[in-house]
Amino acid sequence: EVQLVESGGGLVQPGRSLRVSCAASGFKFDDYGMHWVRQAPGKGLEWLSGMSWNRGTIGYADSVKGRFTISRDDAKNSLYLQMNSLRPEDTALYYCVKDRVAGTFGVFDSWGQGTMVTVSS
Amino acid sequence: DIQMTQSPSTLSASVGDRVTITCRASQSISSWLAWYQQKPGKAPKLLIYKASTLESGVPSRFSGSGSGTQFTLTISSLQPDDYATYYCQQYTSYWTFGQGTKVEIK
């Protein structure tokens, strides 16, 4: 069974940094593209960043480009999102998401339960 | 960037009703469109990909159609478990979600 478990969220002051992590299990992690998607309280879904299985493609939404960095450690079956220069509008539930098909970079089929990040002074 | 626009934003329907949600892309995305269902406090669930392909385990009352810029999600006979928020998503140029359509009890 695929499991994605996010961690590292919390309360952080504006302008500070935070790294959220995702521990993956139940599938061959290094064969799959992975993503981060967030959802502000009461709002819709926003794709933030994705990294292909071979690290050949990395993408960012305009809203986080230059501030957030995605990375993965295949030996640890883990995905990370380093978030710098955080703003109050970054307050959201951050989901770790897996691509549906190995070796592709497309549809999302598995989601974690999310880790909450609150940016406030 | 490709923008995705869903309509309506909210839909009130009764059990047994046929429900249709529309999603429009700001430019052609061929058939690279997915639909997700999200219930309160839960992560989204993939329903349909490539515009009309049903994900394994999803009830056949769900169907998707369209190509290019216009897409629809149809629930043929609404069930109590279907009250949720539905999102479309394009995946041809990075990824973009629609703003969501909440299906409420009438």
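The values are calculated or read from the model by the stated rules, or taken from the named source; none is laboratory data. Being a predicted model, the structure only gives us computed values, none of them experimental. Heads up, the Cβs are rebuilt from the backbone with ideal geometry, glycines too, and the neighbour counts pull from every protein chain shown. Surface accessibility is based on the protein's heavy atoms, side chains included, excluding ligands, DNA and RNA. Shrake-Rupley method; radii C 1.70, N 1.55, O 1.52, S 1.80 Å.
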Selection count where residues are away from every other protein chain (no Cβ under 11 Å) and either of a type in the set (Phe, Trp, Tyr) or open to solvent by less than 30 Å² (accessible area, probe 1.4 Å) (or both), scope the stretch A:92-121: 5
Residue satisfying condition, being of a type in the set (Gly, Ala, Ser), surrounded by fewer than 20 Cβ atoms within 10 Å (Cβ to Cβ) and under 28 Å from B:Glu55 (Cα atoms), within set A:Gly26, A:Gly33: A:Gly26
Entirely in the stretch A:53-120, the strands (runs of 3 or more DSSP E) that have 2 or more residues that are farther than 22 Å from A:Ala23 by Cβ: A:58-60
Residue within the stretch A:56-75 that is on the phi > 0 side of the Ramachandran plot and within 14 Å of the chain's Cα centre (by Cα) present: no
All positions within the stretch B:5-22 that are open to solvent by 40 Å² or more (accessible area, probe 1.4 Å) and either modelled with pLDDT under 95 or in a strand (DSSP E or B) (or both): B:Thr5, B:Ser7, B:Thr10, B:Ser12, B:Thr20, B:Thr22
Residues of the stretch B:41-73 satisfying the condition of being within 11 Å of chain A (Cβ to nearest Cβ) and in a strand (DSSP E or B): B:Lys45, B:Leu46, B:Leu47, B:Ile48, B:Tyr49, B:Thr53
